[in-house]
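Throughout, read-outs are computed from the coordinates displayed, never taken from laboratory work. Just so it is clear, the structure is predicted and the values come from calculations on it, not from any experiment. Positions of Cβ are generated from backbone atoms using ideal geometry, with glycine treated the same way; all protein chains shown enter the neighbour counts.
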């Protein structure tokens with residue numbers, strides 16, 4: 001009889017790369033850009049997918065996957081409904097943690113920092129690049145609210161389709177972008193024997209970041 005695999009026996013030996021504090025870029029945004037481009041070249045599916053963790057003022061945490069849509073030295077931008085669960089968390093407690101995991105490269109990046117809304121003009125600039133159905137969906141969905149049946153969502157979508165059939169779809173007032181402004185980064189490279197490489201950056205001031213190796 002074939003034995004049943006136990007979850008404790010599921011493991012991977014990491015051996016695809018190394019990471020040294022003397023080799024990383026002194027600017028964590030440049031280091032992220034380097035790794036992100038390598039992930040893109042590796043043709044990783046949903047390479048811009050990231051976990052975002054938030055918490056309300058009571059300290060109750062919540063995490064979900066979103067898509068990174070912009071990044072530069074001002075921060076990391078994603079878009080959502082401002083009245084969603086994450087939006088309510090960020091209104092109460094405007095801080096977040098991001099996590100990228102690129103399994104084929106045996107790498108992950110953790111980012112933490114304060115969060116702010118981007119301007120309506122910036123949000124609309126991105127909104128108009130979305131497929132029409134996605135634009136309509138942003139109007140139809142009251143994200144994170146309770147609904148009794150999917151038919152109600154499809155009905156709302158149909159109503160928006162009819163409403164905006166003859167013109168440009170405007171930016172919904174409850175929808176837009178957030179920018180996570182990092183003050184900490186951690187770059188993780190899987191290594192053999194669970195002796196992983198972990199390089200952490202902490203912001204000292206606007207122009208200086210400290211760099212340190214962390215024990216795995």
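Starting from the 7 Å offset along Cα-to-Cβ, what nm value, one decimal, do you get for the label separation of residue 132 and residue 65?
2.9 nm
As a footprinting exposure proxy, order 134, 141 by other Cβ within 10 Å, with the fewest listed first.
134, 141
Given a Förster radius of 22 Å and the C-beta distance between residue 42 and residue 72 as r, what FRET efficiency does 1/(1 + (r/R0)^6) yield to the nearest 0.05?
Taking R0 as 22 Å, the efficiency between residue 42 and residue 72 is 0.50.
Taking other Cβ within 10 Å of each residue's Cβ, how do 148, 210 sort, fewest first?
By the 10 Å Cβ count, ascending: 148, 210.
Once you sort the root eigenvalues of the Cα gyration tensor of region 56-131 as a ≥ b ≥ c, which label holds: rounded (a/c under 1.5), prolate (a/b larger than b/c) or oblate (the other case)?
Oblate shape, in that a/c is at least 1.5 and b/c is the bigger or equal ratio.
Take peptides 9-18, 74-83 and line them up by average Cβ neighbours within 10 Å, highest first, as a rough protection proxy.
74-83, 9-18
Can you give the percent of C-alpha pairs in region 128-189 whose distance is more than 16 Å?
Considering region 128-189, 57 percent of its Cα-Cα pairs are separated by more than 16 Å.
Angle between the Cα long axis of helix 28-41 and the longest principal axis of the chain, 0 to 90 degrees, nearest 10?
Helix 28-41 and the main axis of the chain meet at about 80 degrees.
Highest mean first, how do 38-51, 174-187, 101-114 rank when packing is the count of other Cβ atoms within 10 Å averaged over residues?
Final packing ranking: 174-187, 101-114, 38-51.
So if each residue of separation counts as 0.36 nm, and I subtract the Cα-Cα distance between residue 112 and residue 146, what length gain in nm does that give?
Residue separation times 0.36 nm, minus the Cα-Cα distance, leaves 9.2 nm.
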